[in-house]
Amino acid sequence: MDSRYFDRDTTKLKTTPFGIFTDQAGYFPAMSKKAVIPFECDSFEVTDINGKVCFSGKTTHFGMDEHSGDDVYIADLTDFCEKGSYRVNAGGKTSAVFTISDDVYSPVLHDTLKAFYFLRCGCELDERYAGVYKHGKCHTGKAVLWDDNSVAVDACGGWHDAGDYGRYVTAGACAAAHLLYAYKMFPRVFDRMDMDIPKGNAPDILTECRYELEWLMKMQSPDGGAYHKLTTKVHAPFIMPEDDREQLFVFLVSSMATADLAAVCALASGIYREYDGGFAEKLKNTAEKAMAWLGSRDEFIGFTNPHGCNTGGYGERDDLSNRYWAYGEMFALTGERIYEEQMKSLAERGFPLTGLGYSEMGGLGSLAHILCTFEKDTDFSHKLKDAFAHRAGYLRTLSDKCGYDVAMHIGEYCWGSNMNLLKNGMIFAIDEHLNGNDRASNAASQMHYLLGANALGISYVTGTGEFRCNYPHLRPSFADGIEECIPGMVAGGPNHIPGDPFAKEVIKPGTPPMKCYADDAASYSLNEITIYWNSPAVFLLGFLCDRYGDDGQESL
Ligand code: 9MR
Ligand code: ZN
């Protein structure tokens, strides 16, 4: 095995050559635009790529920022709307180049969505679509039940979860649902998008999701439950997926996985009806069978890794939000009021009604009810909309306290902090989209942070930005020997509780949370990628393109 990135002498730890931080993709003309300057200075200039000064202004002093430990000054260039490529300069320092344009996020949206194609399992990635990142068919061997090796299960397909080659039902359902809601809420952004993938009979985003949905349906056990995950016994070494030929196991059924399977299949059934009636019917049948399984079992059936297995656990403490989501989607699909009753009674049990992550799915159930067009309890829908508005209001207070406009509290800089960032960005997007509250610039700020307006001045999306992460903990990107990583991968990001040996060594105690990061493949707790870190990025970018893009409201 090539140990390039695991050898401390050749490690790619590097710091940004830039001293001023902006979104390195850039800004739509009508967006508010702020550069963060982490040193004292009075004024700033915006120059084009020939060095010509195009705009100038005075900075404002934000003060000490707790997340980064920086004394922050802000250069506000919102009034500058000329399309082009620029840098911000102040105090003898400069920013990475960025653009102002009407389609500024189209490339990064394309890449973050295409990332799912690159994570496909069980098929060849053809050079026509994958270019230099092509590879052979992987993980095609028959899987067997962990508890009874004499039973074989055909569960080929789906997306690799992350830097590892496992496939997990709750994580997969969550990621697919984010993409499906992105499509449902901002269809015009995706309807016309060409992802450069093998064509299906629906918009590309739906064709890509279908790849995961087909696999998810294979994870249904004969009695209707959903097997929790499909992995080898232990994580593969850093080899290409087609070289990982260890025995695959299907693990026990969990009630979270079963509820998530029901939910995502019900959601998808409503969406795919227009394109493929047979597929929509199959999804509905799968959802109903899973609901029957859940209906006959009130108890929580969790998941913990059996002895000897070290692949992902995705354990949860309860399945309330998962069941609530399932009832919500079944109500939205069928209009049967019994599902609404079940939602309402579960909603009293004290889980977040706005959760959007793989372990708290309540927000998706709420969205299902709010967007449902059948006759419904409108008071309940209003209560759910208010929950999003309330949450967005709270997040706004967090972002106002941060010099980088990040809507997270300090504790959210944990493993996969960029998911917290993006989920919070989704809340702003949902609140503006559903309630008409003015949250677009808060939503945009979370994306600006992801793409470079952060204390390390790094873009956390591979392939985007002049100074960007390039060495994620992602097996194919390590094993393929290609210097440039597959584009469009969202790194986990800063984590103030280093969770792997590499991070423990390089992150010095006392480092401000926003700076607890290293772009090194060895660090799974700082620099892995996952499908459910990419999916909220796609949702948020979808919202921003809808809101600010060519035919968006701003430019009407
Ligand atoms: O994303 C998960 C993170 O929230 C947890 O803190 C971490 C440790 O349990 O596990 C992460 O999930 C990993 C999963 O178990 C296996 N595939 C890769 C995931 C990202 O690191
Ligand atoms: Zn595979």
### Summary
Sorted by chain and number, the residues with a modelled amide H under 5 Å from that of Phe55, at a separation of 5 or more or across chains, are Val46
## Note on the structure
With a ≥ b ≥ c from the Cα gyration tensor eigenvalues, square-rooted, and the rule rounded for a/c under 1.5, otherwise prolate when a/b > b/c and oblate otherwise, region 119-222 is oblate
## Note on the structure
Computed over all unlike Cα pairs, the Kirkwood hydrodynamic radius of the chain in Å stands at 23.8
### Ordering of 265-275, 201-211, 341-351 by burial proxy (mean other Cβ atoms within 10 Å per residue, highest first)
265-275, 201-211, 341-351
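For Glu242 and Thr15, calculate 0.36 nm times their separation in residues minus their Cα-Cα distance, and state this gained length in nm to one decimal.
Working: separation 227, 0.36 × 227 = 81.72 nm, distance 3.44 nm.
Once the chain is fully extended between Glu242 and Thr15, it gains 78.3 nm.
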### Query
Going by alpha carbons, how many degrees (0 to 90, nearest 10) lie between the helix axis of 204-218 and the longest principal axis of the chain?
40
### Task
For the chain, build the charge dipole from Cβ charges (+1 Lys, Arg; -1 Asp, Glu) around the Cα centre, then report which of Leu77, Asn437, Ala182 sits farthest towards its positive end.
Ala182
### Task
On each of the three principal axes of the Cα atoms of region 421-556, give max minus min coordinate, whole Å, ordered largest first.
50, 35, 24
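Using mean Cβ contacts within 10 Å as the protection proxy, how do 177-184, 434-441 order, highest first?
177-184, 434-441
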### Query
Dipole size in debye (nearest 20) for the chain around its Cα centre, Lys and Arg Cβ +1, Asp and Glu Cβ -1?
260
### Query
Taking H as built 1.01 Å from N, whose amide H comes closer than 5 Å to the amide H of Met489, not counting residues under 5 places away?
Thr462
### Stokes-Einstein translational diffusion, region 12-168 - Kirkwood Rh over all Cα pairs, 0.890 mPa s, 25 °C, in µm²/s
126
### Query
Cα centroids of region 288-327 and region 355-378: how far apart, whole angstrom?
19
### Summary
By the C-alpha gyration tensor axes a ≥ b ≥ c (rounded if a/c is under 1.5, else prolate when a/b exceeds b/c, else oblate), the shape of region 92-168 is prolate
### Message
Please list, ordered by chain and number, the residues whose modelled amide H lies under 5 Å from the amide H of Ser254; skip anything fewer than 5 residues away on the same chain.
### Response
Ala226, His228
#### Entry: HN-Hα J in Hz across region 104-119 - Karplus 6.51, -1.76, 1.60, θ = phi - 60°, x for Gly and Pro
4, 9, 4, x, 6, 5, 4, 5, 5, 7, 4, 3, 5, 4, 5, 9
### Ranked order, Trp533, Trp146 - accessible area, probe 1.4 Å, largest first
Trp146, Trp533
## Note on the structure
Under the rule rounded for a/c under 1.5, else prolate if a/b exceeds b/c, else oblate, using alpha carbon gyration tensor axes a ≥ b ≥ c, region 387-439 is classed as prolate
### Query
In region 354-452, which GluC sites (Glu not before Pro) are in a loop and have at most 15 other Cβ atoms within 10 Å, using DSSP for the loop call?
Glu375
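If you count, for each residue, the other Cβ atoms within 10 Å and average over each peptide, how do 506-519, 81-94 line up from highest to lowest?
Working: 506-519: 18.8, 81-94: 17.0.
With the highest mean Cβ count within 10 Å placed first, the list reads 506-519, 81-94.
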### Query
Relative to the first principal axis of the alpha-carbon coordinates of the chain, what is the inclination of helix 169-185, with its axis defined by its Cα atoms, in degrees from 0 to 90 and to the nearest 10?
60
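The values are calculated or read from the model by the stated rules, or taken from the named source; none is laboratory data. Computed from a prediction, not measured in an experiment: that's the story for all the values here. Ideal geometry is used to build each Cβ from the backbone, glycine not excepted, and the neighbour counts take in all protein chains shown. To get the accessible areas, we keep the full protein, side chains included, count just its heavy atoms, and leave off ligands, DNA and RNA. Shrake-Rupley method; radii C 1.70, N 1.55, O 1.52, S 1.80 Å.
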